[in-house]
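In what follows, a structure is listed as structure tokens, so that the remarks can point back to it.
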Protein chains: 4
Amino acid sequence: MTVRFGLVGCGVMGSDHARILRSDIAGAELVAVQDKDWGRAKRVAGDRCRIHADPEQLIVDPGVDAIVIASPDATHAPLTLAAIAAGKPVLCEKPMASNLDEARSIVDAEIAAGRQLVQIGFMRRFDPGYRAMRAAVKAGTLGNPLFLHCIHRNAVGPDYVTSDLVLANSSVHEIDISRYVLGEDHARVRVIRARSSRKAPNRQPLMMVLETMSGVVVSVEAFLDAQYGYDVQGELVCEEGTLSLDPHPPVRSRVGGSDGHAVETDWVGRFADAYRCQLRDFVAALDGGRFLGSSAWDGYVASLTAEAALRALRTGETIAVESGDRPAFYDALG
Amino acid sequence: MTVRFGLVGCGVMGSDHARILRSDIAGAELVAVQDKDWGRAKRVAGDRCRIHADPEQLIVDPGVDAIVIASPDATHAPLTLAAIAAGKPVLCEKPMASNLDEARSIVDAEIAAGRQLVQIGFMRRFDPGYRAMRAAVKAGTLGNPLFLHCIHRNAVGPDYVTSDLVLANSSVHEIDISRYVLGEDHARVRVIRARSSRKAPNRQPLMMVLETMSGVVVSVEAFLDAQYGYDVQGELVCEEGTLSLDPHPPVRSRVGGSDGHAVETDWVGRFADAYRCQLRDFVAALDGGRFLGSSAWDGYVASLTAEAALRALRTGETIAVESGDRPAFYDALG
Amino acid sequence: MTVRFGLVGCGVMGSDHARILRSDIAGAELVAVQDKDWGRAKRVAGDRCRIHADPEQLIVDPGVDAIVIASPDATHAPLTLAAIAAGKPVLCEKPMASNLDEARSIVDAEIAAGRQLVQIGFMRRFDPGYRAMRAAVKAGTLGNPLFLHCIHRNAVGPDYVTSDLVLANSSVHEIDISRYVLGEDHARVRVIRARSSRKAPNRQPLMMVLETMSGVVVSVEAFLDAQYGYDVQGELVCEEGTLSLDPHPPVRSRVGGSDGHAVETDWVGRFADAYRCQLRDFVAALDGGRFLGSSAWDGYVASLTAEAALRALRTGETIAVESGDRPAFYDALG
Amino acid sequence: MTVRFGLVGCGVMGSDHARILRSDIAGAELVAVQDKDWGRAKRVAGDRCRIHADPEQLIVDPGVDAIVIASPDATHAPLTLAAIAAGKPVLCEKPMASNLDEARSIVDAEIAAGRQLVQIGFMRRFDPGYRAMRAAVKAGTLGNPLFLHCIHRNAVGPDYVTSDLVLANSSVHEIDISRYVLGEDHARVRVIRARSSRKAPNRQPLMMVLETMSGVVVSVEAFLDAQYGYDVQGELVCEEGTLSLDPHPPVRSRVGGSDGHAVETDWVGRFADAYRCQLRDFVAALDGGRFLGSSAWDGYVASLTAEAALRALRTGETIAVESGDRPAFYDALG
């Protein structure tokens, strides 16, 4: 079986998805692309696939079996809804929606459609480090989890990103991945502002502290201006031991008075394996398997928790996270 | 010059101080010991120094130049006051006092004595890792500090230690060392309880989050029951890079499917170098140098901050730390 | 374009190649398999591809575009020659032949065929660590290479493997990879026997020391009975710095008094990425690209050098490696 | 008891010994110094000890209990003999002598004196990493040793050092330390020259391969021009696991695209702890203990083995090491 993919959005993320589909994924073929910038679409398409002028048109193209959405954030929800309407599986980059109502409408549409079609591009769920943590929690190898310490640092953040957007764009990854690793929802959240770096006086590095329903404390440093590189770390602390992410390039160098590893410059390098496995397992899911990534419900809860964090940031208070009960539809997905 | 030391308390800590004084410190001689258990005093004394039945008597012994106090906590303040009264330099194990009033009375007595006599045994200030962090902050090598992440794990805590005592006994180390590394006082503190480990259902692992006057966020995990070993870690995050403690034994082993280092079992091994340098530099200070360790004022502020943390633990609120102005006497010490 | 693969040999290596082709390689399809054990062939084939009783038959099957040979060692050369005769690209597991004459006959047949068809399965050339080393040598980033230190340890070697076979089966990997990393042939080789481990009294751990034409010294520890795990290491020492392989699992664990990583148990885990990229790049080469792996000439030289090492082992002498000039045909491949 | 030390030679090594004696060693006092450069002697003496114009005079000074020799290499043997004649314990920097006859004469003089007086300054025997290796070998924790891989790199070697001198000055450390770790003598040695670095065209990096009496293979890379720093490494490979030296500064830094540790610039930093413990344990030995460092016999055997290595370098042959039987006098020292 070959899955014929249509790609909406041919920017940095879109063209990387195209590259992966073409070189690293068995049973997949990229047959159609779309981008509002025709030249960009042309560059990704080469002479190997057709170009649609309109994303909705690509979605209903009968020669397209599955959709990848990597277009601007505001278009994610409407296009995901269109894919559901067309009955086509869709891998949508995060964030799944611009607001909670939109996010909820995707959940509702999917439930109405009666089968799982949506996966949100929280690619970290495919990182082998986080997978090992989750496996340990599920198996109880190290006992119950007590803490999860997360660090998220970018080298240089874009100017327009405020402290608010740090939570919405960056920390939402930690919100999703901590639910994935720990297998439960958050109950409460606090956010504490650090002093600004003089490199980025318009925003503040943040410390978010979440508590899960069972009482695991999740700490998250979110710092967009670390200068030295892109660095995502994590330590899971359990009753009998800990597991830490420990990624690094394949060689260690000793040069110029220093002995160590190069730090990644961005998420494309750091999560290369995760992006690859995300698409591989998405294709496998279409071939009779199970979606292993974030569901629409997971995306909705991540957005809802990020909104609570935003309120915590603004008020300085501890804010309760109230995601409500998971619909039975998602329970059945396991 | 040889400094003649008198040691009060010959338990675990006291006998280790005796061992260090005898083998690793130039210009020091242990001439007198005291312990309420005569046999214990005898074992430490050997035939090389005299034994006093009474600690006050040891303190005023004219053949004793300087005092090390390692007796039970409740005796620390009265004995330190006695040393001040005798005009003798004293290295007192932490905590310096049982309550804030007592702690403050030591500060006042020292100021009245007109010269610095007291050093509190926060030995981490002599750990080469923390010293490197402080040096970087002072020199501004990596820009301003923004975060200090601290982890304090014991292998197996004693049964009687409640969550309250974790703050008073353990986390007070992080309170002192973060003031040392960052060179400023704390402004506020929160404490969040994690779920209990089933290994120690009577206390909870804690997450303390402090903010300094300038807005550095200090996070502290305090976990007494980590099982795998004694583990103190720290990462200082600055505007242009980070420094992490990275201690480990001198050899790495590959054996039985694992490649790594043995973890220390307690603070004696982990901070062996710090304990040694603490005494070395104390002796150097007596020979015309400057006390490099925690002053009575530092000890007082650490206790005061730990009390605020205790209130934060009990109330769940964010508590302000109000240490008041540092007396001019201590400013002059630099 | 889809490359239709035929697989000869469905044992451990063959079934792993099948798995990779099916899940991780774009543009490839496994259409036919063969194994002298029908049940094994059936298990790999599933209901997704046809089964040939005879390997020669599979090779000439007009529905098969390219061949993977993973059958017993003695069959490698005749089957590779059959693939060349059929004009079909072939990825053949090492060793390429049972003796030098056979190896040379493959080189000659390929030259006669007039185009490159053969790649030898020295998968380490696709390991990202060795690739980074080679890139540094080519770019001269760290100056000229001076030493390459290699370590090859298995957990528990099979009983039948003698010291001779260690050189032929294991160390031949280091012979090939050092030619790849350093970009030049070896001139001389010595082999020194260590005492036997009591775990394997019938063979000796070996230390092979090679010198390249330009004077780089390559040291190789070959130890089949390291017990603790499968461990392949390397350090490239250049005029201005060094690069070391530093592979490990994605998480570091602190548990039971130890802080470190699990060691791999075998080459399948250690070189998972290399095996995947080997097939990916083989397919890319068939789609108009260039073979990036070991050529038939590389395989021949590796065998010839291993024979010299064998002589060095038996005689205790320093043995010259005389590979002769590379045929112009291979120069043109670049 | 206080040991009154006299120091001969106030250069880099001598002044460092003085510093250590004064700050880090209990029970020691530096009472006299000598240097042929009076100003240098004055700077080390300060106003705290007397200065002798003549080293022999210092040795017989009745106020001096023990001698440290850190004067130019050619004076080591005559001064050590003078110390033996005076019946005074002496810690002599390596090399103990300029040639084997001189070295042997020290052994003979010490035996004639009837008690151990001489320790050679192979300080690595006090490095905690090598001590842990030796302890493992003695205890058999990991089974029998099979390999010991050693690396010795300087950042920038002095111009006058030829390949010959690399063996005599640098590799002699590895010769001594491998005898210490493995607890046995060497039987044979080979030396292989690598190409020269363009940074130091007048000498060649060397690969020395020794075999011990029981068949352990010891490999030694000796490279004086590594540029990136001073780096001494070692891996002990045993039947059931390995131990590696893993020294580094107390903090790890993430800055400027790199994550790692600073490399030491020279032996003073790398072996600071070893130099300190060497003097501490020397003093302890004088107070009724046992000398833990290299004896005169150890120094003699190291020199003899280095001479064999020199012959191996010059001839390209495998050279037997013939140290003869250890005198019963040294057996008794244990």
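Table for the structure above
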quantity: Top-ranked residue in the range D:237-259 [being under 28 Å from D:Met13 (Cβ atoms) and not acidic (Asp, Glu); ranked as modelled with the lowest pLDDT]; calculated: D:His248
quantity: Strands (runs of 3 or more DSSP E) wholly inside the range B:201-257 that include at least 2 residues being at negative phi and more than 8 Å from every other protein chain (Cβ to nearest Cβ); calculated: B:206-212, B:217-223, B:231-238
quantity: Meets criteria (free of Cβ contacts under 8 Å to residues at least 24 places away in the same chain, of a type in the set (Asp, Glu) and surrounded by fewer than 16 Cβ atoms within 10 Å (Cβ to Cβ)) for C:Asp47; calculated: yes
quantity: Counted residues, the range A:8-35 - those being more than 17 Å from the chain's Cα centre (by Cα), of a type in the set (D, E, K, R) and not in a loop (DSSP other than H, G, I, E, B); calculated: 4
quantity: Search result, residues across the range B:72-92 that are surrounded by fewer than 23 Cβ atoms within 10 Å (Cβ to Cβ), of a type outside the set (A, V, I, L, M) and under 23 Å from B:Ala306 (Cβ atoms); calculated: B:Pro72, B:Asp73, B:Thr75, B:Pro78
quantity: Filter pass, A:Arg22 being free of Cβ contacts under 8 Å to residues at least 40 places away in the same chain, within 14 Å of chain C (Cβ to nearest Cβ), in contact with an Asp or Glu (Cβ under 9 Å, 6 or more places away or on another chain) and not hydrophobic (A, V, I, L, M, F, W, C); calculated: yes
quantity: Residues of the range D:108-137 that turn out to be under 17 Å from the mean Cα position of the chain (by Cα), assigned to a helix (DSSP H, G or I) and more than 14 Å from chain B (Cβ to nearest Cβ), as a count; calculated: 1
quantity: Single match in A:Gly299, A:Gly293 (criterion: over 30 Å from C:Cys277 (Cα atoms), under 21 Å from the mean Cα position of the chain (by Cα) and crowded, with 19+ Cβ neighbours inside 10 Å); calculated: A:Gly299
quantity: Residue satisfying all of: in the range D:177-192; in contact with a strand residue (DSSP E or B) (Cβ under 6 Å, 6 or more places away or on another chain) and among the charged types (D, E, K, R); nearest to the other protein chains (Cβ to nearest Cβ) among these; calculated: D:Arg190
quantity: Residue tally, condition of a type in the set (Asp, Glu), part of a loop (DSSP other than H, G, I, E, B) and under 24 Å from C:Val209 (Cα atoms), over the range C:286-334; calculated: 3
quantity: Test: residue in the range A:248-259 that is in the same structural domain as A:Lys138 (by TED's automatic domain parsing), under 27 Å from A:Asp164 (Cα atoms) and touching a Phe, Trp or Tyr at 6+ places or on another chain (Cβ under 7 Å); calculated: no
quantity: Residue that is farthest from C:Arg134 (Cα to Cα), among those in the range A:258-288 that are among the small types (Gly, Ala, Ser) and away from chain D (no Cβ under 14 Å); calculated: A:Gly288
quantity: Some residue of the range C:152-165 being at pLDDT below 95, part of a helix (DSSP H, G or I) and touching a His at 6+ places or on another chain (Cβ under 7 Å); calculated: no
quantity: Identity of the residue in the range C:143-166, surrounded by fewer than 24 Cβ atoms within 10 Å (Cβ to Cβ) and facing another protein chain (nearest Cβ under 10 Å), that ends up nearest to D:Glu239 (Cα to Cα); calculated: C:Ala155
quantity: Which numbered condition A:Ala262 fails, given (1) within 27 Å of C:Leu245 (Cα to Cα); (2) modelled with pLDDT under 95; calculated: (2)
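Every residue, every condition in (1) among the small types (Gly, Ala, Ser); (2) in contact (Cβ under 8 Å) with a residue 40 or more places away in the chain, yes or no:
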position: A:Tyr180; (1), (2): no, yes
position: A:Ser197; (1), (2): yes, no
position: A:Met213; (1), (2): no, no
position: A:Val218; (1), (2): no, yes
position: A:Gly229; (1), (2): yes, yes
position: A:Ser244; (1), (2): yes, no
position: A:Pro247; (1), (2): no, yes
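The values are calculated or read from the model by the stated rules, or taken from the named source; none is laboratory data. Only a predicted model underlies this, so the values are computations on that prediction, with no experimental measurement involved. Positions of Cβ are generated from backbone atoms using ideal geometry, with glycine treated the same way; all protein chains shown enter the neighbour counts.
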